[in-house]
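Inspection log for the structure reproduced underneath, given as structure tokens.
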Amino acid sequence: MIHKTLIVQELGQNGDGVVLGDDQRLYIPYASPGDEVSVNLAITKKNRYQVLSSEIIRRGENHAEPPCPHYGVCGSCQLQHLGEDTYRQFKRDKILRPLRFEGFENPGPLVLDPIILPPGLRRRANFNFRCRANGVELGYHKYHSYELLTLESCHILKPEIVTFMKPLLEALGQSFPAGFEGEVFITAAHNGLDVHVEVRDRTALTLEQRELWGQFAHDNSLCRLLVSLKGKEDFTFMREAPFVLFDGIPVESNCRGILQPSREADQLLAKTVTDMLPPSSRKIADLFCGRGTLSLPLSRHAPVDGYEMDQPALDALQSTAQRHQRPITPFYRDLFKLPLKGKELDGYDVVVVDPPRAGAEEQTHALATSQVPTLIYVSCNPLTFARDARILVEGGYRLEIIQPLDQFRWTVHVEVVAKLVWQ
């Protein structure tokens, strides 16, 4: 084993501190540029250094005090140790690096300063649980581990979810014996908590277990509780259908469906997108429209055609649009296999694209051959965004502005909202 004292020089893509060697980059967890670190190294068979352990012996000026007591053990919130300026630049770099890789020579002026949402807003949580002989573990995975960390607090979640964890822990312990494990999906809907307990066991619930979960749901004022066994629903409690608000309108929600991490994220995303609309729009296409996160606010400005392959989400949007008389026409469409092309695009003067992490490469190629005046591209993955932006620019579009949105505080994730115009 080799011991060295090193200075961290930059940040890697996953937020680790990086020390640049002669021909190798060493990655130091939870370190920031300027930190002095003590590392123990091994030499691999390929004559490369491997970091066995590390310790920060002197914090640099870019290092901040992490606010969470679980920091360093919990596998989430990797960036709590970064100072504000370093944190902001890291989020911008997550977008700039892929753009440079795709051949954009000077993307810096296009990328605005990130808009960062505060902690304590996240309305969604996905916990793992394991029932042991000595109690129940419930929480997130530990850093680089399959072990679970039972949380006593969480700075990113809404307080009502954190408060709910204690009675949930007790109910799991009362209902399931040692050896049972699974996941719990929680959404803080507008009208209460929507909870889905997924057990990795086929044994049907007993009458006693059903009564326990029914009383639990009633005592905690849940709007809905589902208990599933190996993917098959076995128990349902419904006080009222959970819903969220898009543009002030209630839309039925599902704790396993796609949803922005917070109500404030919905509002920020909608404002950012609608601010990019041209002064007057005649007709808008919203591709990958989901339940209407963007379709509903966009419909204040022009009629909207929404395209989506998630039928329950599309049904929820159609019901909401009809009930509130919004000019939205939903269409079922698998845009990965059957993208909008040619004359189908001719009728729109604005197209909004909000694909999943894989991006929308086939749809992007079709858009690149169109002449839709304004494209607004929303992405949760800067890598696939940069790829698709290159395709559009090569097809004749100009990348006008990119607004980073930080919806997942203290993580490496960043949302991208970009405006492209036909030249």
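Selection over region 36-76 of residues that are of a type in the set (Ser, Thr, Tyr) and more than 31 Å from the chain's Cα centre (by Cα) gives a count of 3. On the stretch given as region 341-368, residues that are touching a residue at least 24 places away in the same chain (Cβ under 8 Å) and either open to solvent by 40 Å² or more (accessible area, probe 1.4 Å) or over 26 Å from the mean Cα position of the chain (by Cα) (or both) total 15.
Starting from residues that are without any contact (Cβ under 8 Å) to a residue 12 or more places away in the chain and not hydroxyl-bearing (Ser, Thr, Tyr), keep the ones in region 130-160 and report whichever is least open to solvent (accessible area, probe 1.4 Å). Step by step, filter region 130-160, then rank; the result is GLU147. Criterion first (in contact (Cβ under 8 Å) with a residue 24 or more places away in the chain and either open to solvent by 10 Å² or more (accessible area, probe 1.4 Å) or under 28 Å from PRO114 (Cα atoms) (or both)) does SER299 satisfy it? Yes; evaluated as a whole, the condition is true for this residue.
Test THR163 against the criterion of being open to solvent by 30 Å² or more (accessible area, probe 1.4 Å) and either of a type in the set (A, V, I, L, M, F, W, C) or modelled with pLDDT under 95 (or both), and give yes or no. Criteria not met by THR163. Against the test of being farther than 30 Å from ARG122 by Cα, of a type in the set (Phe, Trp, Tyr) and at pLDDT below 95, the options TYR30, TYR49 yield a single qualifying residue, TYR49.
Listed conditions (1) buried (at least 17 other Cβ atoms within 10 Å of the Cβ); (2) under 15 Å from LEU193 (Cβ atoms); (3) in contact with a Lys or Arg (Cβ under 8 Å, 6 or more places away or on another chain); (4) not β-branched (Val, Ile, Thr) are all met by PRO261, apart from (2).
Counted as qualifying within region 282-378 are the helices (runs of 4 or more DSSP H) with 3 or more residues that are over 22 Å from LEU269 (Cβ atoms), namely 311-323, 342-346, 361-368. Entry remark, region 232-254: residues being open to solvent by 10 Å² or more (accessible area, probe 1.4 Å), assigned to a loop (DSSP other than H, G, I, E, B) and not basic (Lys, Arg) number 5 in total. Note on region 403-423: among residues that are of a type outside the set (A, V, I, L, M, F, W, C) and over 12 Å from the mean Cα position of the chain (by Cα), the one that is most open to solvent (accessible area, probe 1.4 Å) is GLN423. You will find that of VAL37, VAL51, VAL73, the residue that is within 22 Å of LYS142 (Cα to Cα), surrounded by 15 or more Cβ atoms within 10 Å (Cβ to Cβ), among the aliphatic types (A, V, I, L, M) and touching a residue at least 12 places away in the same chain (Cβ under 8 Å) is VAL51 and no other. Of all positions in region 173-184, none carries a residue that is under 27 Å from the mean Cα position of the chain (by Cα), of a type in the set (Phe, Trp, Tyr) and surrounded by fewer than 20 Cβ atoms within 10 Å (Cβ to Cβ). The set of residues in region 384-402 being open to solvent by 10 Å² or more (accessible area, probe 1.4 Å), more than 20 Å from GLY290 (Cβ to Cβ) and in contact with a Lys or Arg (Cβ under 9 Å, 6 or more places away or on another chain) consists of LEU399, GLU400, ILE401.
The values are calculated or read from the model by the stated rules, or taken from the named source; none is laboratory data. Small disclaimer: the values here were computed from a predicted structure and weren't measured. Every residue, glycine among them, receives a Cβ derived from its backbone with ideal geometry; neighbour counts consider all protein chains shown. Calculation scope for accessible area: heavy atoms of the full protein, side chains included, ligands and nucleic acids excluded. Shrake-Rupley method; radii C 1.70, N 1.55, O 1.52, S 1.80 Å.
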